[in-house]
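The values are calculated or read from the model by the stated rules, or taken from the named source; none is laboratory data. Only a predicted model underlies this, so the values are computations on that prediction, with no experimental measurement involved. Cβ atoms come from the backbone with ideal geometry, glycine included; neighbour counts cover every protein chain shown. Heavy atoms of the whole protein, side chains included, go into the accessibility calculation; ligands, DNA and RNA do not. Shrake-Rupley method; radii C 1.70, N 1.55, O 1.52, S 1.80 Å.
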Amino acid sequence: MKKRLIVILILMASLPATGLAGVKMNIGDEVEIDLGFRLQTQFIAWDNKDATTGESEQLFNVRRARIRLGGKVTRWMDFFLQTEKGGGAGGSGYDMRIIDAFVTLNLHPLARIYLGENMSPAGRQHTTSSGALMAIDRPGITNYNLTWGLNGRYGFNNANLPDGNLDLSNDVSVRDTGATLFGSTSLSDALHVKYYLGVYDGIQESGEDKERYTARVQMNLFDAEPGYYNSSTYLGEKRTVALGASYDMQDDIATDAIEDAVAYTWYSVDLFADLPVGPGSATFEAAYHNLDLDDATQLLDGVVGGQNALQTQGDGWFAQAGYYFEKWKLQPWLGYETWVSDAVDETGSYDGWRVGLTYFFQGHNANIKAGYESIRTETNIAGSDQDSIDTFLIGFYVTY
């Protein structure tokens, strides 16, 4: 059996890849196997001063290191498995963990059931592939969503802002375990619709067994984006405008010293456009997010009178744009985001902007990204004398 698996992998490695897909192998009339990987390595220089030395920090970082295996078992059923590197102590290496594990039942284009561990459809960025991002990584405010940590992020989504960081997550952080009903269809040559309805385990910190419910609908003009996952730039391969809305909720995610059980509610609306303009193509994306945590002020974290969830609860928006020069395979891009917390002193509120440039050797399969980001907070960060963090990053990105 082991020898047979080695032979299969060798055969798969000899096959060509197209797009973001890995190598594929057909076994019989219906069975298809797809093997691929994703590797994103970075050098980061930022001025979030070390607590011990007071010096600014520089580091080399493996942002994502993944191996994926998917395919069709029958024309009715697909599967997908993906690993992710875990933290390695003292530079000694990494442990791997499963981050995606689901089976898809293909009943109809309007009724596909995803069952297992997967990304819940809480917003467009939450259903955008990490192998097809534009501005190095997702905006930091996308992490205020449940299972994404309920916190803001900086350094091109590499580190948590300490103020307002509730650090609530389930056993499969950034994913959730449950079932999603997904469907897509074209109402005409120029109008396309897809929807998501999901129920998941969510976060169970209150001792109550409550489910998480998520819904999303998206409409596209011109070209369709028919799959479960989107891209944040199509590099001239699509002409599309998309409008989406999502709603996400779970009761009793945690316990508050005053209110007892704390409910979570999140909604978002988003706009995306990727259109041919002049010698290339222009990309624009914007979204508004709103987070409600029942106005909890003493969220218990093992001690009485814990964290003030008002430093996390709030709303915000982001916008980002880029232009792809097809002739030179270059894409300059820029972005802005802001989050306003409900805390009386505005602790947890921040805004940030970023600008950068990407060179594409082979589209999203191989590219180099470089960017600069500046984050400004309304109050000093974690009681320090610092209210800003500036970051420079250069990274190599490969998806196969």
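At-a-glance table
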| item | result |
| --- | --- |
| Exclusive hit being modelled with pLDDT of 90 or more, loosely packed, with under 11 Cβ neighbours inside 10 Å and either farther than 18 Å from Y397 by Cβ or out of contact with any Asp or Glu (no Cβ under 9 Å at 6 or more places or on another chain) (or both), set F43, F37, F60 | F60 |
| Filtered residue count, the stretch 256-272, keeping only those that are open to solvent by 10 Å² or more (accessible area, probe 1.4 Å), farther than 14 Å from T128 by Cα, of a type outside the set (D, E) and part of a strand (DSSP E or B) | 5 |
| Counted residues, the stretch 254-280 - those being in contact (Cβ under 8 Å) with a residue 60 or more places away in the chain and either aromatic (F, W, Y) or closer than 20 Å to I141 by Cα (or both) | 5 |
| Residue under evaluation T177, criteria (1) closer than 25 Å to G371 by Cα; (2) among the β-branched types (V, I, T); (3) open to solvent by 30 Å² or more (accessible area, probe 1.4 Å), criterion not met | (1) |
| Scan of the stretch 127-141 for residues that are surrounded by fewer than 24 Cβ atoms within 10 Å (Cβ to Cβ) and in contact with a helix residue (DSSP H, G or I) (Cβ under 8 Å, 6 or more places away or on another chain), ordered by number | R138 |
| Odd one out for P139 among (1) touching a residue at least 60 places away in the same chain (Cβ under 8 Å); (2) more than 30 Å from T265 (Cβ to Cβ) | (2) |
| Residue ranges of strands (runs of 3 or more DSSP E) in the stretch 288-400 with at least 3 members buried (at least 17 other Cβ atoms within 10 Å of the Cβ) and touching a helix residue (DSSP H, G or I) at 6+ places or on another chain (Cβ under 6 Å) | 330-341 |
| Pair list, Cβ < 7 Å and 6+ apart or interchain, from the stretch 282-300 residues that are at positive phi and of a type outside the set (G, A, S) to residues that are open to solvent by less than 50 Å² (accessible area, probe 1.4 Å) and in a strand (DSSP E or B) | D294/V262; D294/A263 |
| Residue in the stretch 229-242 that is surrounded by fewer than 22 Cβ atoms within 10 Å (Cβ to Cβ) and over 19 Å from A321 (Cα atoms) present | yes |
| Failed condition for N151, given (1) under 17 Å from P121 (Cβ atoms); (2) open to solvent by less than 10 Å² (accessible area, probe 1.4 Å); (3) polar (S, T, N, Q) | (1) |
